[in-house]
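The values are calculated or read from the model by the stated rules, or taken from the named source; none is laboratory data. These numbers come from a predicted model, not from an experiment. Counting neighbours? That spans all protein chains shown, and the Cβs are built from the backbone with ideal geometry, glycine included. Areas reflect the complete protein model, heavy atoms only, side chains present, ligands, DNA and RNA absent. Shrake-Rupley method; radii C 1.70, N 1.55, O 1.52, S 1.80 Å.
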Amino acid sequence: MPTIINLIICWKGTIKKIKPSELCSFFDYLGYCFCFVGYWTGPFYNFRTYNNMLQSKTLIRSSKLALKHMAPMLILLPLHVLQGIYNPLDYTMTDEFLQKSFSYKFFYQLAGFWTFKVKFYGGWIIAEAICIACNLGTVEKEDGTVDYSSIINIDIYNTEVGWELSHCVRSWNKSVQRWMKTYVYDTTSLPKSVRTDFVFALSAFWHGVRPGTTCVS
């Protein structure tokens, strides 16, 4: 589904965001849409970032950097395993759980929701590491450090402890939010009063039109 949406929506948006000298052929654009990294990560990057990876004459040795980026998995993976053992979500559907007090059910599901997010954190960190390992979105600075902020999708710290809801939301799924704004919100001809609703509707369709999933998306 993300690839189909790329083909349908992004062509116009991509052309608007690059210089005339950087215009690509349709087959180049297909390469961008069907790049294997995109299948792993989703819309983490735009065509310019993808093209820079292909045209770059400098190979950044990023394997160690990618492994270092995955360091949080040493905490996230055990948490995910422990959640399946001590906080199984299936238990919330049993009669025994329904007989528990309100406070027990509230905190049990609160803990379950937090550990459920761990799965997304882990998936995004792995996806970011794949981009780094492929030199996708990596830029070597003059001081020798590598900047890969363009493919960072999650800021766990600010998601969890941000003081404002808007700050927390902007720290979650950052690349997809940026992609939706650039290639959907900014390019649609719909009135601004309904653009946000359209973006949320597209996000819901993207994630799967199912009860619950549609509301959360």
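Just to be sure before I move on: is Y45 modelled with pLDDT of 85 or more and either among the hydroxyl-bearing types (S, T, Y) or open to solvent by 90 Å² or more (accessible area, probe 1.4 Å) (or both) in the structure I sent? Step through it out loud before you land on a result.
On the way: modelled with pLDDT of 85 or more: no; either among the hydroxyl-bearing types (S, T, Y) or open to solvent by 90 Å² or more (accessible area, probe 1.4 Å) (or both): yes.
No; evaluated as a whole, the condition is false for this residue.
If E160 passes every condition in (1) assigned to a loop (DSSP other than H, G, I, E, B); (2) under 17 Å from the mean Cα position of the chain (by Cα) but one, which one does it miss?
Tallying (1) assigned to a loop (DSSP other than H, G, I, E, B); (2) under 17 Å from the mean Cα position of the chain (by Cα), E160 fails exactly one: (1).
Filter segment 185-196 down to residues that are open to solvent by less than 100 Å² (accessible area, probe 1.4 Å) and either at pLDDT below 70 or part of a helix (DSSP H, G or I) (or both), then give me how many there are. Step through it out loud before you land on a result.
Filtering segment 185-196 down to residues open to solvent by less than 100 Å² (accessible area, probe 1.4 Å) leaves 185-188, 190-191, 193-196.
Narrowing further to those that are either at pLDDT below 70 or part of a helix (DSSP H, G or I) (or both): 185, 193-196.
Selection size over segment 185-196: 5.
Using beta carbons and a limit of 9 Å, which pairs, at least six apart or on different chains, have the first residue in segment 87-106 and outside any helix (DSSP H, G or I) and the second one not β-branched (V, I, T)?
Qualifying pairs under 9 Å: N87/Y108; N87/A111; N87/G112; P88/G112; K100/Y108.
Which condition number in (1) under 26 Å from K68 (Cα atoms); (2) open to solvent by 70 Å² or more (accessible area, probe 1.4 Å); (3) modelled with pLDDT under 80; (4) in a loop (DSSP other than H, G, I, E, B) is the one that W172 fails?
So W172 meets the others, but not (3).
Restricting the search to segment 66-76, which residues are within 14 Å of K117 (Cβ to Cβ), part of a helix (DSSP H, G or I) and in contact (Cβ under 8 Å) with a residue 12 or more places away in the chain?
L76
So which pairs qualify, if the first residue must be in segment 139-165 and within 23 Å of N46 (Cβ to Cβ) and open to solvent by 90 Å² or more (accessible area, probe 1.4 Å), the second must be among the hydrophobic types (A, V, I, L, M, F, W, C) and at pLDDT below 85, the Cβ gap must be under 9 Å, and the two must be at least 6 apart or on different chains?
If the second residue must be among the hydrophobic types (A, V, I, L, M, F, W, C) and at pLDDT below 85, the pairs left are E140/I60; E140/V146.
For K117, work out the one condition from (1) outside any helix (DSSP H, G or I); (2) closer than 22 Å to I154 by Cβ it doesn't fulfil.
The one condition K117 does not meet is (1).
For T115, indicate whether it is out of contact with any Cys (no Cβ under 6 Å at 6 or more places or on another chain) and surrounded by 15 or more Cβ atoms within 10 Å (Cβ to Cβ).
Considered against the rule, which asks whether it is out of contact with any Cys (no Cβ under 6 Å at 6 or more places or on another chain) and surrounded by 15 or more Cβ atoms within 10 Å (Cβ to Cβ), T115 comes out as yes.
List pairs: first in segment 183-207 and more than 17 Å from N46 (Cβ to Cβ) and basic (K, R), second assigned to a helix (DSSP H, G or I) and open to solvent by less than 80 Å² (accessible area, probe 1.4 Å), Cβ under 7 Å, 6+ apart or cross-chain?
From segment 183-207, the pairs are R195/Y185.
Determine which single condition F120 fails, assuming it passes every other condition in (1) open to solvent by 50 Å² or more (accessible area, probe 1.4 Å); (2) within 16 Å of S175 (Cα to Cα); (3) in contact with a strand residue (DSSP E or B) (Cβ under 7 Å, 6 or more places away or on another chain).
With (1) open to solvent by 50 Å² or more (accessible area, probe 1.4 Å); (2) within 16 Å of S175 (Cα to Cα); (3) in contact with a strand residue (DSSP E or B) (Cβ under 7 Å, 6 or more places away or on another chain) applied to F120, the lone miss is (3).
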